[in-house]
Each structure stands twice: as structure tokens, then as C-alpha cells.
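See below for the structure under consideration.
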Amino acid sequence: MENEEEEKLKSDTDSGTESKSNANEEVDWDKLLESVRVFSELSYKWEHYTKPLTRELEEVHQALFERQYPGIKPYRQIWHINWVKEAIELEASQLANRLIRFFEQVEKDEDYKEGFKDYYRSVELFVYPYVAKRRFFNGNRSALLPKQLEIIDTVYEESYQEDLIGFAELNKLKEEYEEAVLGPVLNFYEEEYHRLSPDQKIHYNLIVGMGYSDYFDDCKELKHYLIKKNLQEFPGVCYHQFLVDEWERYQNKTK
């Protein structure tokens, strides 16, 4: 009887030892350590760069919006403030992530232009200032009377002058945005920013230009609904959902 119990105990002990051994063999320590390293890096980046940079960008975005579109203040409804903050939080978060990724790519000497379908077209759209262009009547001028030509030329010239004024205002708004954003960037990447090559500086301006495009689009929507139309009754949805609903209502009307 004792022999049987000893054999059973030995068998159970051997089985437990074998299970522990198999468990140890199943752990890929290299992968585990790599996962811990990646998690640590992401946590550090979030705490020291992403979160604080986003917070600073949110502050400058809201201050800039309130200065460039003073009709928003005083806020007429609490949900007006919520809509502005929702729009700004997304803008700031997207810009912060793009900037952080860019400076990481520069540090690692990676291709920061990758992912753009037409890079130089993007530079043209988001980096260069808006320029007014003269337009001319391309029809058969000899078939028109002098008075008619004078009227046509006057219309084209007035359109050009309007574009000069409008584009100058747009460039002013964009320059104010670029200046406002630069402050938080220098708080986190001052040395890196000043070391950028001319080509890298263009890409930095591209990222900021994309951020301005998002900001300007939201400003137009917020100005239209909260300032011009002065919506008082809460639509019952958040800002971005409201825009989606408005687009669907417009689509249904045009069908």
C-alpha cells in the first residue's frame, strides 16, 4: 500500500514538474520583453509628448478661434462651448500625432513623405500662400462692341480685386495659425525644429498647413451655425454627428 502511495506521489510530482517545464518552454521571453519595451515607449510618449502637446494645442486653437471669430463670445448656450471644444480637441489631437510622428521619423532618418499619393500637390495645396490670379475673357473680342468689352473687362478686374482682398485675409488667418501652433511645438521640439533641413521644414509646414485646413473647415461650420444662424435649441447630438446628419438631410433633399 505504501509503495502504491509513493508511486502515486512521485507520479504527481513528476507531472507537476513537467507542466511547469512545459509552461516555461511555451513563454517566448524575447517577444514578452519586446512587448514590455514597446508598451513602455508608448506610455512614455503619451505622458511626456502626446497628452501635454495636445493640451497646449487645444488651448491655442480655442484662443485663436475666439480671437479670429469674436462673434462666438459671449457663448450663448453651454452646448456652443461643447461644440467648439469637440472640434478643437480633434484638430489638436490629429496635429499633435502628426507632428510627433514627423519628428520621430526625422530622428530615425525615415521617409516622412511616405503615404502621400501626390506629395508635391499636397505641398502646393497646404504650404504655399493663396495667390490671386487675373482672368481674361477668352472669347472672340472682335465680335463684341467696345462698350461690351469694357463691361466684361471691368467685371474681370473687379473679381480680381476681390480675390486680392479675400486671399490676403486668408493668408493672414493662416499666418496667425502657424504662429500660434509654433509656440507649443517649440516647447517640446525646440532643438529639433531649429535643426530641420530646408526640405524637412517644408514637410513641417505641410503638416501645419493640413492642420490649418482642418481648423478652417471647422471654423466655417461653427461660424455658420453658432454665430450666423445662432442656433439656440440644442440639436441633441454632438458637433460631428450634427454635421453628418446635416449632410444626409442635404443629400435627401437633392435626390
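Bear in mind these aren't lab numbers, they're just calculated from the coordinates by the rules spelled out. Note that this is a predicted model, so its numbers are computed, not measured. Note that we place each Cβ from the backbone using ideal geometry, even for glycine, and neighbour counts take in every protein chain shown.
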Worksheet item: Could you list log10 I(q)/I(0) for the range 100-241 at q = 0.09, 0.17, 0.19 Å⁻¹, which the Debye formula gives when each Cα is one point scatterer?
Response: -0.49, -1.04, -1.15
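Output the relative contact order of the range 55-254, whole-number percent, from Cα pairs under 8 angstrom with separation of 6+ residues.
On the way: 112 pairs, mean separation 71.8, N = 200.
Result for the range 55-254 is 36 percent.
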Fill in: For the range 126-199 versus the range 76-112, the gap between their alpha-carbon centres in whole angstrom
26 Å
Worksheet, complete the sentence: Here the relative contact order (percent) of the range 131-223, from C-alpha pairs under 8 Å and at least 6 apart, is 28 percent
Discussion item. I need the phi-derived Karplus couplings for the range 66-83: 6.51 cos²θ - 1.76 cosθ + 1.60, θ = phi - 60°, integer Hz, Gly and Pro marked x.
Written reply: 5, 7, 6, 10, x, x, 6, 10, x, 4, 7, 9, 4, 6, 4, 4, 4, 5
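Counting other Cβ atoms within 10 Å, keep those with at most 13, restrict to DSSP loop, and tell me which trypsin sites (Lys or Arg not before Pro) in the range 134-225 are left.
On the way: sites: R134, R135, R141, K147, K172, K174, R195, K201, K220, K223; in loops: R134, R135, R195.
Passing both the DSSP loop test and the Cβ count: R134, R135, R195.
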Worksheet, complete the sentence: Per the rule of 0.36 nm per residue minus the C-alpha distance, extending T154 to Y128 adds in nm 6.5 nm
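Taking R0 as 35 Å, what's the FRET efficiency between N140 and A168 from their Cβ-Cβ distance, rounded to 0.05?
Working: r = 34 Å, r/R0 = 0.98.
Step by step, r from the Cβ atoms, then E = 0.55.
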Worksheet, complete the sentence: Of the residues A168, H194, A132, the Cα lying farthest along the dipole of the range 131-200 towards its positive end, which is defined by charges on the beta carbon of Lys, Arg, Asp and Glu, belongs to A132
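E191 to E104: extension gain in nm, 0.36 nm per residue of separation minus the Cα-Cα distance? It would help to have the intermediate numbers written out before the result.
Numbers: separation 87, 0.36 × 87 = 31.32 nm, distance 1.33 nm.
Working it through step by step, the gained length comes to 30.0 nm.
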Worksheet item: Points 7 angstrom from Cα along the Cβ direction at Q77 and E176: gap in nanometres?
Response: 2.6 nm
Discussion item. Whole-Hz ³J(HN,Hα) for each residue in the range 220-232, computed from phi via Karplus 6.51 cos²θ - 1.76 cosθ + 1.60 with θ = phi - 60°, x for glycine and proline: what do you get?
Written reply: 4, 5, 5, 5, 5, 7, 8, 9, 5, 7, 6, 4, 9
